[in-house]
Amino acid sequence: MKRSLVFLLSGIIISSVVPAQKVFSVDYSSQADVKVFVVKYESQADLKVYKVKYESQAGENDGKWFFTGYSSQAKKKIFFCGLRKPG
């Protein structure tokens, strides 16, 4: 079963955020390039992304995100605000 993640980005989305397909989830908001909020309904989101299992599945600016094991491997570091991190 495919799991889709729906994110609502807090703050202003800058052009450098959108191409980031390899991301790393940090523990503190001060470490993040982008702050993310998981919403319950797709209609609440400004940006929708899908969490892929393999790095090779992450495309270029197509909404498929691969979560790296290390921050140095990621193009963007993200912080999940409010709700718990998605599984």
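Residues checked against (1) on the phi < 0 side of the Ramachandran plot; (2) part of a loop (DSSP other than H, G, I, E, B); (3) not small (Gly, Ala, Ser):
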position: Phe24; (1), (2), (3): yes, no, yes
position: Ser30; (1), (2), (3): yes, no, no
position: Val36; (1), (2), (3): yes, no, yes
position: Lys40; (1), (2), (3): yes, yes, yes
position: Lys48; (1), (2), (3): yes, no, yes
position: Glu60; (1), (2), (3): yes, yes, yes
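Listed by first and then second residue, the pairs linking a residue in the range 12-39 that is surrounded by 17 or more Cβ atoms within 10 Å (Cβ to Cβ) to a residue that is of a type in the set (Asp, Glu) and modelled with pLDDT under 90, with Cβ atoms under 7 Å apart and 6 or more places separating them unless they lie on different chains, are Gln21/Glu60. Exactly one residue among Lys2, Lys35, Lys40, Lys48 is of a type outside the set (Val, Ile, Thr) and modelled with pLDDT of 90 or more, and that residue is Lys35.
The values are calculated or read from the model by the stated rules, or taken from the named source; none is laboratory data. Not measured: the values here are computed from a predicted model. FYI the Cβ positions are ideal-geometry reconstructions off the backbone, even for glycines, and counts take in every protein chain you see.
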